[in-house]
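First the structure, in the form of structure tokens, and then the observations on it.
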Amino acid sequence: MKEIQIVRDTVLNQQYAINDLYRYNLEQNKTYFIVTFGCQMNEHDSEKMMGLLELCGFKKADSEESADVVIFNTCAVRENAELKIYGNIGRIKKIKEKRDVILGLCGCMMQQKHIIEKIKKSYPYVDIIFGTHNYHELPMYINEVLFKKNKIVNLLEDSKAIIEDLPSKRKKGVKAFVNIMQGCNNFCTFCIVPYTRGREKSREYGDIIKEIEELVRSGVKEVTLLGQNVNSYSGGITFAELLEKINEIEGLERIRFMTSHPKDISDEVIDKFGKLEKLCEYLHLPVQSGSNEILKRMNRRYTHEAYLEKINKLKKNVPEMTFSTDIIIGFPGESEADVDKTIELIKEVEYDSAFTFIYSKRVGTPAATFDDDVSDDEKHQRFDRMLNALNDIVIRKNSERVGKVYEVLVEAVDDNTKLATGRSRENHLISFHAQNVSVGDLVDVTIVKAKKFSLEGEMI
Ligand code: SF4
């Protein structure tokens, strides 16, 4: 914690660049469009870049086709997301041939030197490249391109700084993401994140509380605390203590958090479920595999049994608690028996949802050097087998919810159909016909119909 530097008033420090840009953009009616790939962390970084661009006089365009500045905030976690980026860059080239557009690339993919080399060589028309540690400098980069016609490539390998006081343009609504820490120290062998987001660093708890209080004043009812591994939060107090402090914020109704590493979720945090009235009865706890052999090769540092023990403690504290997870199928060295163990765990936990992936090699990770001995056919067959087992449970559990009552936080009401949608504290997606309800209301709803992955209800 001591070596982390908290940087405040960054926007003021960039005033010269911002003033220039602001005048120019207002006069010229300049617009921006940011396309975000990947996780909530990236979504939140994009919200901050949008806040900065609007402070600089830009207006949000309807699409990248009409924008003057297009930014792709990239993801490096899966191969698919990477391939999509190249297609998108190619599309902007066609727009650039017809008119002036500034094209910027940022995010996790841009933290990798081999990717930057590829982009410089194959896509020389990209104007700005920067990574995950310096998105707050975007106004300066745009200034350089607009007024000095320079191209910018600025890759910081890691940063000890936490940048505070940046404006953020969040989607208007009753829910908000709040970043509490960045980076990861875990080095799971399949994961590129520690190399793209750097080592863990936590925001000071006072800054987090202040941000949530401001969000509540603007109408937010539910916050999701974000971090690659929130359980190792160290911004002056422990994560459990942070949850306690946030629970005291008046006007806030619900707290969620993600992501937790199973080895790090402490008894202290587990005990907060069922005790802190704002902490929702839902937890995303990525397991990745149910096989101890594969977990070892993944460097996850817990076993099937230890994971289950934590889940059972949580279920004991809060019987109605629901769980979601991440699962990777086809990791190097995986056998049919390993998949059986994963399916066994799925049945033991009874997840309500899961992000499921077929393993793809990430250059720069230890697992990229492992012998990838599972054929594509095997990967797909195993994936289908796992998914069928998971879906059976999700569908059965949903059907058992008919007749039960849930508190729903209303997130949207369709003006024409009067259909309201929202989530229960247990994270079930529920729709119902609204009678005099508005976005932000908390409404008790009886479930009348179970769909495959959502529920329909009636207001009480
Ligand atoms: S805990 Fe593992 S999977 Fe999660 S971000 Fe860190 S290295 Fe990646």
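Coordinate-derived values only; no laboratory data. Only a predicted model underlies this, so the values are computations on that prediction, with no experimental measurement involved. Backbone-built Cβ (ideal geometry, glycine too); neighbour counts: all protein chains shown.
At most 15 other Cβ atoms within 10 Å and a DSSP loop assignment: could you name the GluC sites (Glu not before Pro) in region 338-393 that fit?
Within region 338-393, the qualifying GluC sites (Glu not before Pro) (loop, at most 15 other Cβ atoms within 10 Å) are GLU350.
Rounded to the nearest 5, what is the percent of antiparallel bridges among the DSSP beta bridges in the chain? Walk me through the numbers on the way to the answer.
Details: 22 of 67 bridges.
The antiparallel proportion sits near 35 percent.
Most exposed first by the Cβ proxy, i.e. fewest other Cβ within 10 Å, how do SER232, SER353 rank?
On the way: SER232 20, SER353 17.
Going from least to most buried by this count: SER353, SER232.
Normalising by the residue count of region 246-341, find the relative contact order in percent from Cα pairs under 8 Å and 6+ residues apart.
32 percent.
So, how do all the Cα-to-Cα distances of the chain break down into 20 Å bins, in percent, from 0 on up?
It works out to 22, 55, 23, 0, in whole percents.
Using a 4.7 Å cut-off between beta carbons, which cysteines in the chain end up with no partner cysteine at all?
Lone cysteines by the Cβ rule: CYS39, CYS56, CYS75, CYS106, CYS108, CYS184, CYS280.
Hey, fewest Cβ within 10 Å first, where do CYS39, CYS191 land in order?
CYS39, CYS191
More than 20 Å apart: what percent of Cα pairs in region 140-240 qualify?
For region 140-240, the share of Cα pairs beyond 20 Å comes to 53 percent.
Restricting attention to region 97-145, which trypsin sites (Lys or Arg not before Pro) occupy a DSSP loop and are surrounded by at most 10 other Cβ atoms within 10 Å?
Sparse-neighbourhood loop trypsin sites (Lys or Arg not before Pro): ARG99.
Where a ≥ b ≥ c are the square roots of the eigenvalues of the C-alpha gyration tensor, would you call region 365-460 rounded, which needs a/c under 1.5, or, failing that, prolate if a/b is larger than b/c, or oblate?
Taking the square roots of the gyration eigenvalues as a ≥ b ≥ c, region 365-460 is prolate.
Straight-line reach from LYS451: which lysines have Cα under 26 Å away, leaving out those fewer than 8 places along the same chain?
Filter leaves LYS175, LYS315, LYS347, LYS397, LYS404, LYS418.
Within 10 Å of each residue's Cβ, count the other Cβ atoms and sort VAL408, VAL216, VAL178 from fewest upward.
Result, fewest neighbours first: VAL216, VAL178, VAL408.
Averaging over all projection directions, find the projected area of the Cα convex hull of region 52-159 and quote it in nm² with one decimal place.
6.9
Among the lysines, which fall within straight-line cross-link reach of LYS149, defined as a Cα-Cα distance under 24 Å, with same-chain neighbours fewer than 8 residues apart omitted?
LYS30, LYS59, LYS60, LYS93, LYS94, LYS96, LYS98, LYS113, LYS118, LYS120, LYS121
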